[in-house]
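Notes for the one structure printed next.
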Amino acid sequence: MRGKKAPKRNIRPDEVYGSVTVAKLINYIMIDGKKNAARDIVYGAMKELGEKTGVPAVKALEKGLKNVKPEIEVRSRRVGGSNYQVPTPVLEGRQMALAFRWIIAAARGARKNQPMSKVLGRELIDAYNSEGMAMRKKEEVQRMAEANRAFAHFAW
C-alpha cells in the first residue's frame with residue numbers, strides 16, 4: 001500500500017432529524033449524486049417507520065440497525081496452500097456499513113412497481129422487528145462463522 005491513508009471524513013447531521021445515522025443512510029441510498037431524490041426516499045421511509053412502530057423514527061432506525069449489525073464474519077486466509085474461512089470480529093464502522101448495505105439491497109431487490117420509500121420503510125420496519133431479508137443475511141453470515149469456528153486459531 002502506497003501513500004497516506006485517506007482521512008476519515010465527518011458527516012454533518014441531516015436537516016430534518018439532526019442525526020448522522022440518517023445522513024449516512026441518505027448517502028448510501030444516493031445514486032449518481034441525486035441527493036434530493038435520496039432524501040425524499042429516506043424521509044418517506046422514516047415517516048412510515050415512525051408511524052408503524054410508534055417509536056421516534058431515529059430510535060427505531062438505530063434499533064433496526066443494531067439488530068442487523070453482524071458481530072462476526074468469515075474472511076479468507078491462505079495457510080499452507082489451502083484457503084480457510086476464518087471467523088473474525090467485525091469493526092464498528094464495517095458493522096454499520098454492512099447493515100446499511102444489506103437493508104438497502106433487500107429493499108432494492110423487493111421493488112415490484114412500488115415506490116422505493118415504501119419498500120425501504122417496510123424493510124426498516126422488518127429490521128426493527130428482527131425479521132426480513134437483511135436479518136436473514138446477518139444470520140447466514142453468523143452461521144458461516146459458527147460453522148468455521150474450528151479455524152479460529154488461524155486468525156491474525
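Bear in mind these aren't lab numbers, they're just calculated from the coordinates by the rules spelled out. Note that this is a predicted model, so its numbers are computed, not measured. Every residue, glycine among them, receives a Cβ derived from its backbone with ideal geometry; neighbour counts consider all protein chains shown.
A few points about this structure:
- With R₀ fixed at 22 Å, the C-beta to C-beta distance from R75 to R2 puts the FRET efficiency at about 0.45.
- Crossing angle, helix 35-53 versus the chain [Cα axis fit, 0-90 degrees, rounded to tens]: 90
- A simple spin-label model places the labels of V55 and D40 3.0 nm from each other, with each point 7 Å out along Cα-to-Cβ.
- Here is the list for the range 13-83: trypsin sites (Lys or Arg not before Pro) lying in DSSP coil, each with at most 16 other C-beta atoms within 10 angstrom of its C-beta, are K34.
- Using alpha-carbon coordinates, inclination of helix 116-128 to the longest axis of the chain, degrees: 60
- With the alpha-carbon atoms of the range 104-156 aligned to their principal axes, the span from lowest to highest coordinate is 47, 19, 16 Å, starting with the largest.
- Nearest-ten-degree value, helix 92-110 long axis tilted from longest Cα axis of the chain: 60
- One compactness figure for the range 1-54 is 1.44, namely its Cα radius of gyration divided by 2.2 N^0.38 Å.
- The trypsin sites (Lys or Arg not before Pro) found in the range 101-143 that occupy coil by DSSP, while having at most 10 further C-beta atoms within 10 Å, are K112.
- Measuring between alpha carbons in the structure, the pairs from K69/K137; K24/K138; K112/K138; K4/K24; K66/K138 lying more than 22 angstrom apart are K112/K138; K4/K24.
- Restricting the calculation to alpha carbons of the range 1-93 gives Rg and Dmax of 18.2, 55 angstrom.
- With a cut-off of 14 Å between beta carbons, the residues surrounding I29 carry a summed charge of +4, where Lys and Arg count +1 and Asp and Glu -1.
- Rg/Rh for the range 43-156 (Cα atoms only, Rh after Kirkwood) is 1.09.
- Each of F100, F151 has some number of other Cβ atoms within 10 Å of its Cβ, and from fewest to most they run F151, F100.
- Sequence of E123, E48, E92 once ranked by neighbouring C-beta atoms within 10 Å, starting from the fewest: E92, E48, E123
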